[in-house]
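For reference, the structure discussed in these notes is given below.
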Amino acid sequence: MATLDHPELRESLNILLKSSRPRLERVLRNFEIPPEDAEDILQDAQLTLLYKWDKIRSPESWLIGTVKKKCIMYWRKRRGSLCEAVDTAILDLLAVPQAPDQEKAELTCDLNRVLSRLSTRCRSLLKLRYGLGYGPTEVAEQMGYRISSIRKVTNRCLAALTRQLLAVGFQQPDGEPQDG
Amino acid sequence: MDKLDEPDRHPTPGHLSAFGRGRLSRRRSREVVRHLLTDCATCRQAAERIPCYGEAFHRSWLEVERRQESLALERAAAPELLRELLAQTGERQWEMVAQEPRFQTWTLCELLLDASRDWGFQSPARALELSQLGIDVAMRLDPAVYGETRVNDLFARAWVTLGNAQRIRSDFAAAEKSFGQAERLLKQGTGDPLEKAHLLLHRASFLGNQQRFSEAFRLLDRVASIARRCDDAQLHGKALITRGFLLGIAHDPEAAIRYLAAGIRKLDTVSDPRLLVAAHHNLTLYLTESGRYREALGLLENARPLYHQVGDQMSLIRLRWLEGKIAAALGQFLEAEELLKGVRQELIERELGFDTALLSLDLADVYIRQGRSAEMRRLAEEMIPIFRSRDIHRESLAALLTFQKAAEMESVTLGLIREVSGYLKESRAASSLRSREPR
């Protein structure tokens, strides 16, 4: 692609960013990217497009594809920490030493209701983790998993649980396999 | 229990949002999770609300505009900076890049890499120097200005360019290291699939030059898949043309012809004439070698203006070589001899030992078909000293000595010429006539 002069580049970019905006908004919405973080994703993709303009032959396809990829990466990174936050919070809640019996019972009841909506495998695993306080090795032994794979299985179950609590960031518009 | 842990208290939208983004304290997270465990429909709805991205688009555009201004200045200055830099001695060039920030720009780096690509065919040594300088500039780019991941992308591209220059010079060990370095840098880059495709394309050529065809074809399949995803016909064309070239090396000229023709159809004729010339050249060559002389001639006539448009001396020399081969194949021996002798002299002057040997064998083919054994003997005698003065594999030299012996005994056959020629091509497929694959 021939190098564009500054006014041409500016105009071409302007036209492209305007015409691609509805599609970009749809991508961001489908991936449920929080508006506060959308700016980083958009800016990074658009600046890369600006610098590589001469090397990119189909800028709109490139831009949409790049933003999609960044959205996937965004949630891949976020999902891990979100699941970890949910897990830690539940473990903390269960570990409160002097909570009244009624509160403990309510918590157990709420937790069981959410767990009942998960697959049998995840329900059993998380019951061992939260109900009986088993560590990963004990869960693996109890459920017949290899130690090396228990972390992965646990993470998938935590993702399924988190999805039940907060249905954000777990939709997969482009068919990426879901956790859980 | 802390009052805030009460499950029936709704978290604020801000807390919900911060939790979703992993930016809430452990204590606050506990409160939010405790509340969400109650199956609160209101909060689920709040979390699923339709976001508004207007502000994100606006602010992003402002930053792009700001960067566009400075990039425009950089682009305007870069061609002159390149001229200034390349007018210096090699050592001085390195000093200037190291000491003067005006040479440490994205655009100058890109120009150096493009120049290296353009010189790759004409002067591999020059291409190597330019790519090394490009790496030096890339290394000095300010991540605060260009963005760290983007700098890594360009740095990787510079290593790919160096790897390619090393491949052209048949320095395969160094090329392997350069491609490895590029791969490592791309992992810390933006994830741009086009950069990845660029690396895969050149790595495929590198593997093909080492006769590792199945690995090379796998990489080219990935390039084609990226091209389709990015809607990039030019990239797809490059993948097809590279495959065509490698199929030619792999002794499958019919498949090579199919892929080259398909690749040419996908190329944009304006944006990369050098690539187009390379593709036409290889296609004409394989048509000739398959005995499809009329098609080859027609194609050559169509492509002739392109050779002149590209205009570098090596392209024109190779055009005449190809014309000589076709003339010989059509039995136009006088014309063939004249063309091939002229090209041979130019190759000798450029110290291109392998190409000279290959061309001499084409000339030998003309002589033997006319029964001119005296010329054949003289030609064979002249070949060995040219070869001895170069860094040539011992095995190739042995093959040429066999040819010389046969010429002395007047027992050279067309079969022997083809055998020696085939041997030479295989032993240095990378840098011979057939190495004009797209870069």
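The values are calculated or read from the model by the stated rules, or taken from the named source; none is laboratory data. On a predicted model such as this, the values are computed, not experimentally measured, just so you know. Glycine also receives a Cβ, built like all others from the backbone with ideal geometry; neighbour counts cover every protein chain displayed.
Considering segment B:63-83, and only residues there that are surrounded by fewer than 12 Cβ atoms within 10 Å (Cβ to Cβ) and among the basic types (K, R), the residue that is nearest to B:C109 (Cα to Cα) turns out to be B:R83. Being closer than 18 Å to B:S131 by Cα, surrounded by fewer than 24 Cβ atoms within 10 Å (Cβ to Cβ) and at pLDDT below 95 is the requirement here; does B:R169 meet it? Spelling it out, B:R169 is indeed closer than 18 Å to B:S131 by Cα, surrounded by fewer than 24 Cβ atoms within 10 Å (Cβ to Cβ) and at pLDDT below 95. Could we say that A:I72 is within 17 Å of the chain's Cα centre (by Cα) and surrounded by fewer than 18 Cβ atoms within 10 Å (Cβ to Cβ) here? Taking the combined requirement at face value, the residue satisfies it. Residues in segment A:93-141 that are surrounded by fewer than 17 Cβ atoms within 10 Å (Cβ to Cβ), within 11 Å of chain B (Cβ to nearest Cβ) and among the charged types (D, E, K, R): A:E103, A:K104, A:E106, A:R113, A:R117. Just one of (1) loosely packed, with under 15 Cβ neighbours inside 10 Å; (2) part of a helix (DSSP H, G or I); (3) more than 24 Å from the chain's Cα centre (by Cα) fails for B:S60. It is (1).
Checked against the criterion of being without any contact (Cβ under 8 Å) to a residue 40 or more places away in the chain and closer than 18 Å to B:L128 by Cα, the candidates B:F213, B:F179 yield just one match: B:F179. Among all residues of segment A:59-66, there is none that is in contact with a helix residue (DSSP H, G or I) (Cβ under 7 Å, 6 or more places away or on another chain) and at pLDDT below 90. Is it true that some residue in segment A:146-160 is within 13 Å of another protein chain (Cβ to nearest Cβ) and either surrounded by 14 or more Cβ atoms within 10 Å (Cβ to Cβ) or under 23 Å from the mean Cα position of the chain (by Cα) (or both)? Scanning segment A:146-160 turns up at least one residue that is within 13 Å of another protein chain (Cβ to nearest Cβ) and either surrounded by 14 or more Cβ atoms within 10 Å (Cβ to Cβ) or under 23 Å from the mean Cα position of the chain (by Cα) (or both). Report yes if some residue within segment B:336-349 is at pLDDT below 85, within 34 Å of the chain's Cα centre (by Cα), of a type outside the set (S, T, Y) and surrounded by fewer than 22 Cβ atoms within 10 Å (Cβ to Cβ); otherwise report no. Yes: one or more hits. Taking each residue of segment B:27-48 that is of a type in the set (D, E) and looking for partners that are at pLDDT below 85 with beta-carbon atoms closer than 7 Å, six or more apart or interchain, yields B:E31/B:L4; B:E31/B:D5; B:E31/B:P11; B:E48/A:A167; B:E48/A:V168.
Scanning segment A:71-92 for residues that are without any contact (Cβ under 8 Å) to a residue 40 or more places away in the chain, more than 8 Å from chain B (Cβ to nearest Cβ) and under 26 Å from B:V145 (Cβ atoms) gives a single hit, A:K77. Counting only helices (runs of 4 or more DSSP H) wholly contained in segment B:107-202, the ones carrying 2 or more residues that are under 13 Å from the mean Cα position of the chain (by Cα) occupy B:124-139, B:148-168, B:172-187. Considering only residues in segment A:15-58 that are without any contact (Cβ under 8 Å) to a residue 24 or more places away in the chain and under 16 Å from B:C230 (Cβ atoms), the one that is farthest from the other protein chains (Cβ to nearest Cβ) turns out to be A:K52.
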